[in-house]
1. Is at least one residue of the stretch 261-272 without any contact (Cβ under 8 Å) to a residue 24 or more places away in the chain, surrounded by 13 or more Cβ atoms within 10 Å (Cβ to Cβ) and basic (Lys, Arg)?
2. Quick check: is even one residue across the stretch 30-43 surrounded by 11 or more Cβ atoms within 10 Å (Cβ to Cβ), assigned to a loop (DSSP other than H, G, I, E, B) and within 37 Å of the chain's Cα centre (by Cα)?
3. Enumerate the pairs (first residue in the stretch 207-228 and assigned to a loop (DSSP other than H, G, I, E, B); second residue anywhere and buried (at least 20 other Cβ atoms within 10 Å of the Cβ) and charged (D, E, K, R)) with beta-carbon separation below 8 Å, excluding pairs fewer than 6 apart on the same chain, so at least 6 apart or on different chains.
4. Being away from the ligand (no atom under 16 Å from the Cβ) and under 23 Å from residue 84 (Cα atoms) is true for just one of 219, 242. Which residue is that?
Amino acid sequence: MLRRRRTTLQTVKSLDAFPKTSEECVESTPTGGTMSLLSLTVMVWLVVMEIMYYMETSFKFTFKPDTDFSEKLKINVDLTVAMPCKYVGADVLDMTGEQVMTFGELEMEDTWWELDPDQRAHFDGVQRVNSYLRDQFHSIHEFLWRSGYTNIFGDMPPRRRFPQKEKDACRIYGHLGINKVAGNFHITAGKSIPLPRGHAHLAVFMDEQDYNFTHRIDKLSFGDASPGVLHPLEGDEQIAEKNFLTYQYFIMVVPTKVDTYSHRGSTFQYSVAEQHREISHEKNSHGTPGIFFKYDVSALKVEVVERHEPFLEFLTRLCGIVGGIFTCSGLVSRFVGFLVNCFTCRYFMAQKTASTEEETSKQSVVPSASLLQAVNLSPSDVGPQLTSKTIIGHYYTIRCVSFN
Ligand SMILES: *[C@@H]1O[C@H](CO)[C@@H](O)[C@H](O)[C@H]1NC(C)=O
């Protein structure tokens, strides 16, 4: 029993890939020291860089078919039209032909078209920042996704100065829950009256001068608020020079799933193309004056995922750095040591050739048989290059020499 255990111990011992070198065999040199210092510095630097790199996150954007058909699409609106509310109707017509009422209703509130100075400053700010963000989106989109702000601009400050005239505009705001199919959210003259197929807007008591589709968009977005999503129409302001004008916004809504460290959820982004034209039946430009947001929903869904690189990969890289530098610096230091040796040997050799040759021949001795026996070596292991100096002391010294 005991014996078996001892043999197993012996076997395990023989498997040791890290045999200890005794201190007598270790030789420290200035080149080695310098190399160690250098490589330690490089190692620390690289490890710090690697940790910093690991702390950073990156974004991955993937496209997938959107399979969520039953989901409702929420449209958030806050805009002002330069017509009193009694002349304006706002509603949705989509491919399903559902009645207007099923989508919910927007609030309407009479107000003044002109903003007071604070509000004007706010709106101009929104306009400027939004156009800057749109231009720079590709260079700063990572920053935007990371930012965590769902509402970069904040809300319009309340009016403090009230003009001494009648309210001449209508603010339309709120949410509508629409179907995820192509449709058309529009603001036209007259209240809508439902018809079996679609609806009509009743605008019989209006003169031409009453029409003015000048408008300002404070908010127009789809789905829930999320950081990183830009709403290109916010800050849009159009002044109508003619009474019968139609504004058309062609909107492509892109379902977006956001999974970042600051926010998780699904929302919608959109891109938009704008066009406006005068309605004039004499000039063969037909249609209904109004503001039309024609939207369609993309069949592809974007997924935005923010991640650290995998921890295991990070560990592997750390090991690679430490081990690689350790090995490489060993090689380099040996090579440098070799060069130094070569150089100095040559140099001293040239000076001392004559004198040393005699001396070394005198010093060379064959180790005594008893000594070799004591350390388990045969004379052939040791070889003729062994000098008396090396053999005198020690078991280990002989081992070193014979193994080199
Ligand atoms: C519509 O209203 C805006 C703002 O009050 C005004 O600047 C514009 O001239 C009006 N347009 C027409 C055709 O009356």
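1. Looking for residues that are without any contact (Cβ under 8 Å) to a residue 24 or more places away in the chain, surrounded by 13 or more Cβ atoms within 10 Å (Cβ to Cβ) and basic (Lys, Arg), one finds none in the stretch 261-272, hence no.
2. no
3. none
4. Unique residue meeting the criteria: 219.
Conditions (1) touching a Leu at 6+ places or on another chain (Cβ under 9 Å); (2) outside the structural domain of residue 196 (by TED's automatic domain parsing); (3) more than 16 Å from the ligand (Cβ to nearest atom), marked per residue:
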| position | (1), (2), (3) |
| --- | --- |
| 42 | no, yes, yes |
| 68 | no, no, yes |
| 74 | yes, no, yes |
| 90 | yes, no, yes |
| 97 | no, no, yes |
| 108 | no, no, yes |
| 117 | no, no, yes |
| 120 | no, no, no |
| 123 | yes, no, no |
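Yes or no, residue by residue, for (1) of a type in the set (A, V, I, L, M, F, W, C); (2) within 16 Å of the ligand (Cβ to nearest atom); (3) within 22 Å of residue 76 (Cα to Cα); (4) exposed (fewer than 15 other Cβ atoms within 10 Å of the Cβ):
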site	(1), (2), (3), (4)
133	yes, no, yes, no
145	yes, no, yes, no
170	yes, yes, yes, no
191	no, no, yes, no
224	no, no, yes, no
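The values are calculated or read from the model by the stated rules, or taken from the named source; none is laboratory data. Worth saying up front: this structure is predicted, and the values here are computed from it rather than measured. Heads up, the Cβs are rebuilt from the backbone with ideal geometry, glycines too, and the neighbour counts pull from every protein chain shown.
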